[in-house]
Amino acid sequence: MSTRAQQYGAQVLRREQLSPHLIRLALAVDGFVSTGVPDEWVGLVVPGQFQVRYYTVRSHTDGELVLDVVVHEVGLVTEWASGDCVGDTVVVTEPKGSFELPAGAEWLMLVGDLTAMPAMARIAETVDLPVRVWAQVADDLPGYLPARAEVAWLGDDDSLADVVAALGWPDTPGYFWMAGESADMRAIRKHLMRDRRLPATAYDVMGYWRASSARQPRAVDPGPIYREGKAQGLSDEEIWAKYDEARS
Ligand SMILES: Cc1cc2nc3c(=O)[nH]c(=O)nc-3n(C[C@H](O)[C@H](O)[C@H](O)COP(=O)(O)OP(=O)(O)OC[C@H]3O[C@@H](n4cnc5c(N)ncnc54)[C@H](O)[C@@H]3O)c2cc1C
């Protein structure tokens with residue numbers, strides 16, 4: 001089975017500063033087909049670079065692909081998106097998604113930081129279940145999440161591990177989705193598996209970025225790992241653990 005992802009040339013049509021740390025880019029991409037999975041992501045290669053970074057498809061309508069890019073202290077895409085990138089040509093890879101609602105799910109709980117907001121917003125907009133969101137976001141983002149979502153805004157000092165450990169879990173079946181810094185996510189995955197003993201089908205916890213002081217994490221495309229893992233019958237949790245390993 002080929003694990004090469006299809007690539008598309010794309011052009012930046014618009015750039016909009018949604019908040020101090022969040023920039024919306026609208027791209028024109030011919031031939032792009034969304035998977036419809038609400039946390040689907042693409043790889044993005046910006047001009048003059050060969051390394052890939054991964055971004056959630058915030059929306060895809062009428063040939064326009066929208067990505068909401070977090071700008072943090074320093075970074076390859078951060079620096080590019082912070083400048084005037086309108087008109088630039090970039091490469092995006094074919095989309096892949098990981099969100100997989102189990103049969104009979106009656107609710108959704110979503111937890112994440114600013115990088116997870118695009119996926120949490122799209123999930124909350126498109127999945128017709130009662131949804132609660134815990135968002136660790138420093139910027140004000142009024143209206144970013146749909147009004148029907150019940151949202152708890154967390155402070156910078158809140159530990160996501162503590163927040164998850166303190167969650168009240170409904171007795172009915174549902175789905176827990178979370179993304180954020182990789183080491184935090186690894187610990188939370190362990191907690192859900194070992195302490196809460198949730199079946200792997202009941203949650204999806206993804207390391208979206210790695211805090212690194214000494215060196216950059218290796219840029220590893222989650223697409224092939226995801227496809228290979230699925231072909232081997234691995235659970236999403238096992239696949240995301242493999243992705244973490246590949247980047248260390
Ligand atoms: C499936 C998937 C979906 C994603 N969706 C989105 C999305 O929709 N929007 C989005 O903005 N990001 C998203 N991310 C996260 C994004 O790919 C990373 O944050 C990426 O490292 C940013 O690239 P960069 O070039 O700006 O920084 P890099 O060059 O990768 O990193 C430079 C430095 O910044 C640090 N760093 C990286 N990301 C962050 C951060 N978020 N906060 C603080 N420090 C950081 C690194 O540790 C490193 O030291 C997603 C990741 C995955 C795997």
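Coordinate-derived values only; no laboratory data. The structure displayed is predicted, hence computed values, not measured ones. Neighbour counts run over all protein chains shown; Cβ positions are idealised from the backbone, glycine included.
Per-residue 3J(HN,Hα) values for region 84-92, derived from phi via the Karplus relation 6.51 cos²θ - 1.76 cosθ + 1.60 with θ = phi - 60°, read 7, 9, 5, x, 5, 9, 10, 10, 10 Hz in sequence order (x marks Gly and Pro). Each Lys or Arg adds one and each Asp or Glu takes one away; over the other residues whose Cβ falls under 13 Å from the Cβ of Leu22, this sums to -2. Within region 128-142, which residues have the backbone N less than 12 Å from the label spot 7 Å out from Asp158 along Cα→beta-carbon, could you tell me? From region 128-142, the list is 133-138.
Potential lengthening of the chain between Glu238 and Asp84 amounts to 51.5 nm, from the contour at 0.36 nm per residue minus the alpha-carbon distance. Between Ala165 and Gln7, the modelled labels are 4.4 nm apart [label points 7 Å from Cα along Cα→Cβ]. The packing ranking, built from the mean of other Cβ atoms within 10 Å per residue, places the peptides 177-184, 29-36 in the order 177-184, 29-36, highest first. Rounded to the nearest Hz, the phi-derived 3J(HN,Hα) couplings of region 64-81 under the Karplus curve 6.51 cos²θ - 1.76 cosθ + 1.60 (θ = phi - 60°) are 10, 9, 10, 10, 9, 9, 7, 9, 10, 5, 8, x, 4, 6, 3, 5, 5, 6, where x marks glycine and proline.
Regarding the chain, what whole-number volume in Å³ per residue does the convex hull of its Cα atoms give? Write down the numbers at each step before the final one.
On the way: hull volume 33.1 nm³, N = 248.
Cα-based convex hull of the chain, divided per residue, equals 133 Å³.
Just the C-alpha atoms of region 82-215: what Rg/Rh do they give, with Rh taken as the Kirkwood radius?
Here Rg/Rh amounts to 0.98.
Packing, taken as the mean count of other beta carbons within 10 Å per residue, orders the peptides 193-200, 87-94 from highest to lowest as 87-94, 193-200. Projected over every direction and averaged, the convex hull enclosing the alpha-carbon atoms of region 7-93 yields 5.3 nm². The amide H of Leu154, built 1.01 Å from its N in the peptide plane, has Ala135, Gln136, Val137 as neighbours under 5 Å, considering only residues 5 or more places off or on other chains. Fully extending the segment from Arg196 to Asp30 would add 55.3 nm, taking 0.36 nm per residue of separation and subtracting the current Cα-Cα distance.
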